[in-house]
Amino acid sequence: MDPETGVYQNPVKRESWKTVLTLAYQSLGVVYGDLSTSPLYVFKSTFAEDIQHSETNEEIYGVLSFIFWTLTLVPLFKYVFIVLRADDNGEGGTFALYSLLCRHARVNSLPNCQLADEELSDYKKDNIDFAPKNGFGSKLKSTLERYRVLQRFLLVLALIGTCMVIGDGVLTPAISVFSAVSGLELSMAKEHHKYVEVPVACVILIGLFALQHYGTHKVGFLFAPVVLTWLLCISAIGLYNILHWNPHVYQALSPYYMYKFLKKTQRGGWMSLGGILLCITGSEAMFADLGHFSQLSIKIAFTSLVYPSLILAYMGQAAYLSQHHDVNNYYRIGFYVSVPERLRWPVLVIAILAAVVGSQAIITGTFSIIKQCSSLGCFPRVKIVHTSSKIHGQIYIPEINWILMLLCLAVTIGFRDTKRLGNASGLAVITVMLVTTCLMSLVIVLCWQKSVFFAVGFVVFFGTIEALYFSASLIKFLEGAWVPIALAFVFLIIMCVWHYGTLKKYEFDVQNKVSINWLLSLGPSLGIVRVRGIGLIHTELVSGIPAIFSHFVTNLPAFHQVLVFICIKSVPVPHVRPEERFLVGHIGPRKYRLYRCIVRYGYRDFHKDDMEFENDLVCSIAELIRSGSVGLNVAIDDPVKEDDKMTVVGTSSTHTEGIRMSEDDVDNNIDAASTSELREIQSPPVVVANKPRKRVRFIVPESPKIDMDATEELQELTEAREAGIAYILGHSYVKAKQGSGFIKKLVINFGYEFLRRNSRAPTHTLSLPHASTLEVGMIYHV
C-alpha cells in the first residue's frame, strides 16, 4: 500500500514466501468467508422438497458426488487455474474483464476518451501488442468496433453481472446469518424456534449494517482467525463423522453416483441442483477481491485449506446422513444435526461469527462495485466515505448501506426459511458466473490472443455446467428466484437510464461547445475585467470550450486572472499512477492565462481531499510553465492536435526534482534566501494593514533556466493562488428536445431527472468547498 497515493500496490512478482503466506492467511477472512459458510445450508436446501432421503442412500451419495465435482470444476479448475490469470493490472471482477476488453478493442462506453489515455503505463499490460495475431481475433475485434449495438450489448452484459452482485449483497447476509442461527432449532421445541430464529437473525443483520460506517480496519484482523477456526472446525467434525459413521463414503466421489442419482430422481433431481449450486456461492470473490492480494496467495489458500476443508465437511455430513434416515422433521437434514451434541453451542457461536465475516465481505464488495459503476458513469452519484486512510478499497456508501439493510431484512422476514433464500441466492450466484464465462471467452481471443477453439471449449465446457444449474435455479422462479431477477432489473434500469442521460448530456456539450477562435477573438482580457484569483471551470469536455462559459463571459462583469478548464474523468484502468495523473496545456497564447487540465483516475482510485488536490493542480500548471511546454500560439479546434500540445504531469509528490510550492502565513518581510540549486518565485509584496496573509512561493531548480516570460507567468500564478481558488460548475437540467419519441421523453424527463434530483450533487462527489463554489443553471435539450 502506498500511503501517499492511496493506491494498493499489488506485487504480482518478486514476492517472498513469507509475504505470499501472509497474504494467503489474510485472504481467508476477506475472500473465503462466504464460500466457507456454505455447508450450513447446502444439504438443507437440496433436500427441501424436490428429493427425499431414502434407505438406499443413492440421493445422499449422488448429492455428495455433485458437490465434489462442482467444487472441483468451478472454483478450482475455472477460477484458480484460468480466470485468476485474467487480471486487469492486478485487479479482478466483472469490470476488470470489461476494462480489459475496452482497451484491446475500442468498445469503451466512456465518451471523453483520448489517444493520450492509451499512453498510460497501465493501459498496455506487459507492453503486449493489442492487435490480435489470429484471423478470427482480428475479425471479432473489427466487428465489435464497427457495430454500436454489440458494444451496448457488451456493456449491458457487464452491468447484468454487476446487478447480480448487488443482489447477492442482499441475499448472502440473509441466508448466511439465518442458516447460522438455525442451529437454535435443535435446542428448543419446533413450535418455539421459528419465533426465535427470525428476530435473532434480524438483530444480527441490523447490527452488521449499523456498524458499517466504522469500517472493517479496526476489527479486520479478527476476520482471518474466525474463518480459519471455522474451517478447522468443520473439517475436524467432518473427519470425525467419516471415521465414526461411514468410512466408505469416499466411494460416492465417483461420477457414477451422479448418473445413478439423476436416473432415480429424474426431474426432482434436476430441480434439486439449485440447492447443490449453493456449495460454490462466494467463488466469484476469489476473482473480485484479487486486487487486495495476489494470484499465488489466493491459489495457496484455496487449494491447501479451503478446498480440502469443504470436501471433508460435506463428506462428513453425507457420512452421518447415510446412517440416519429419520426425516420426519425437516431440520434433520442439515448441518447442525451432524455436529456432536456436546459441540453444538460452541459451533453455533463460531458459525454466527463466520456468517458475519462472510456477509461483511460481500457488503464491502457491493460498495466497491457500485463505486466502480459510478466512476464509469453507470450509476448515480453517491456519497463515498473512505473508512481507512491506510488500506485501499475500504469504503462506505451510506445510501447503499441502508438500502441493502432494508432489502436484507425484507427477504429474511418475508421468506423465513432456507429453501426460498437458497433459491434466490443460487440464481444470483450462477448468473454472475455465466457473465464471467461469456466475458472470459472474449478475453481469451482478444486479450490473450489464443485460438478460438480454446475459447469455444471454455464456453462449452463451463457454460454447459453453469447453464444446467441456471435452468434448475430459474425453474424456482415463483419459489424465491424472482427476488434477484427483480433486484437486478431495478438496478439495471437505474444504471442504463443514468448512463444514457449522461451520454446524451455529453453529446450536447460536444455539439454546442464554443469555438476557441471565438474565445481568442475577445483578446487577452476576454472582454471583461480580470481580477486576482484562480477560476476552475469544471467541464466534461477534454477539448474545446463548454457552452456554459459563454454565459459566464456575457453575464459576469469580471473573471479571474487565471482560468483553468478542468476535466475530472475516469479511464478504463484500475489505477492511474500519480506521475501520470494530470494532463495539462495552454489554451491560446501564454498571455491569455488560460489552461486546460485533465485529471485522470482509474475506476478503483479515490479522489484526494480538496486542499491536497488544489496544491497538486497548481503545481502541475507551474511544472507545465517551467518545463518549457510552449502554449498554443494559434487557435486550434482539433482535439487530436490539442492533445499533442498537452503535457503529462504527476502529483507534487512525484516530481521531487521539479518545481515545489510552499505556503505559509508570514509577514511581508519574508526571507527570500535561496541556495545554489534552488531559487524562489513569489508574488509581489502587498501590504495588508495589521493582518498576516498567506504567502505562496514556488521553489524552482536553477537548472534548466527559465525565461522571463515563464518567470512572469509563475509570479502571476502565485499571486492568483494567494487570492484563492473558485470553483465554477454548470448546474444542468436535462430535457428531451421537441419531437423526441415517447420512450426518450420518459427516460430523460422523468427517469434521468428523478435520479439527478435524488443523487448527490457534483459539488459533494468532487469534495468542493461550498463557500468557494459558483453554480450556474443551464437547460440541456437533448
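The values are calculated or read from the model by the stated rules, or taken from the named source; none is laboratory data. These numbers were taken from a predicted model, which means no experiment stands behind them. Here the Cβ is made from the backbone with ideal geometry for all residues, glycine too, and neighbour counts use every protein chain on show. Note: accessible area is taken over every heavy atom of the protein model, side chains too, but ligands, DNA and RNA are not part of it. Shrake-Rupley method; radii C 1.70, N 1.55, O 1.52, S 1.80 Å.
The phi-based Karplus calculation (6.51 cos²θ - 1.76 cosθ + 1.60; θ = phi - 60°) puts the 3J(HN,Hα) values of segment 547-556 at 4, 5, 5, 5, 5, 4, 5, 7, 10, 9 Hz, whole numbers, x for Gly and Pro.
Each peptide in 545-552, 255-262 receives the mean, over its residues, of other Cβ atoms within 10 Å, and ordering these scores from highest gives 545-552, 255-262. Highest mean packing first, where packing is the average number of other Cβ atoms within 10 Å per residue, the peptides 37-44, 351-358, 338-345, 469-476 line up as 37-44, 351-358, 469-476, 338-345.
Of the GluC sites (Glu not before Pro) found in segment 48-129, those in coil by DSSP whose Cβ has at most 16 other Cβ atoms within 10 Å are GLU49, GLU55.
Surface analysis of segment 451-554 yields an accessible area of 43 Å² per residue, using protein heavy atoms and a 1.4 Å probe. Taking amide H atoms as placed 1.01 Å from N in the peptide plane, the amide H of LYS735 lies under 5 Å from those of TYR780, HIS781, VAL782, each 5 or more residues away in sequence or on another chain. Modelled spin-label separation between SER121 and GLU49, with each label point placed 7 Å from Cα along the Cα-to-Cβ direction: 5.8 nm. Ordering 108-116, 230-238 by mean Cβ neighbour count within 10 Å, with the highest value first, yields 230-238, 108-116.
A cut-off of 5 Å between modelled amide H atoms, ignoring neighbours fewer than 5 places along the same chain, links ILE566 with ILE537, HIS538, THR539, CYS597.
Summarising the strand pairing of segment 555-608, around 35 percent of its internal DSSP beta bridges are antiparallel. With a threshold of 30 Å on the Cα-Cα distance, the over-threshold entries among LYS419/LYS450; LYS383/LYS504; LYS645/LYS744; LYS383/LYS591; LYS78/LYS476 are LYS419/LYS450; LYS645/LYS744; LYS383/LYS591.
Computed from backbone phi with θ = phi - 60° and the Karplus coefficients 6.51, -1.76 and 1.60, the 3J(HN,Hα) list for segment 726-733 is 10, 9, 10, 10, x, 9, 8, 10 Hz; x is used for glycine and proline.
Could you tell me what percent of the accessible area of segment 319-383 is made up of carbon and sulfur, with a 1.4 Å probe and every protein chain present?
Carbon and sulfur: 56 percent of the exposed surface of segment 319-383.
Between PHE606 and PHE136, the distance separating the two model label sites (each 7 Å from Cα on the Cα→Cβ line) works out to 4.4 nm.
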